[in-house]
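Quick notes on the structure that follows.
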């Protein structure tokens with residue numbers, strides 16, 4: 001892939017549990033890495049489930065290889081989410097493309113579609 005293909009900014013975030021100033025539990029998604037990515041839609045489909053129509057959107061994000069991205073994606077990949085263009089995606093799988101340490105392909109499913 002060429003540099004111009006990585007034209008979308010995405011945020012990788014992880015779920016954290018902390019305690020706020022008043023001592024109450026605070027659960028939130030915290031940004032851990034911002035990277036440039038190539039975004040490809042894999043499929044969009046609708047299906048009937050429990051008499052309601054549900055939409056499922058799957059997308060593929062291709063990011064450049066880096067040690068930090070590798071540590072995050074391989075150690076906690078499915079515990080991370082991607083935030084892109086006001087939408088949120090759960091990570092389904094991560095692949096080191098051709099095992100060449102050049103790019104990762106991250107397959108995701110959009111949340112709350």
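The values are calculated or read from the model by the stated rules, or taken from the named source; none is laboratory data. A quick note: this is a predicted structure, and the numbers were derived from the prediction, not measured. So basically every Cβ, Gly included, is an ideal-geometry build from the backbone, and we count neighbours across all protein chains shown.
Before moving on, here are some points about what is shown:
- So residue 108, is it within 11 Å of the chain's Cα centre (by Cα) and either in a loop (DSSP other than H, G, I, E, B) or at pLDDT below 85 (or both): no
- For region 85-106, filtered to residues that are out of contact with any helix residue (DSSP H, G or I) (no Cβ under 8 Å at 6 or more places or on another chain) and within 15 Å of residue 8 (Cα to Cα), the residue that is surrounded by the most Cβ atoms within 10 Å (Cβ to Cβ) is 89.
- Hits in region 1-43 (condition: assigned to a loop (DSSP other than H, G, I, E, B), at negative phi and without any contact (Cβ under 8 Å) to a residue 12 or more places away in the chain): 2, 20, 21, 22, 24
- Qualifying residue in region 59-80 (condition: farther than 19 Å from residue 97 by Cα, modelled with pLDDT under 90 and either in a strand (DSSP E or B) or in contact with a helix residue (DSSP H, G or I) (Cβ under 7 Å, 6 or more places away or on another chain) (or both)): yes
- Enumeration of residues in region 34-58 that are surrounded by 11 or more Cβ atoms within 10 Å (Cβ to Cβ), within 17 Å of residue 85 (Cβ to Cβ) and modelled with pLDDT of 60 or more: 34, 35, 36, 37, 38, 39, 40, 42, 57, 58
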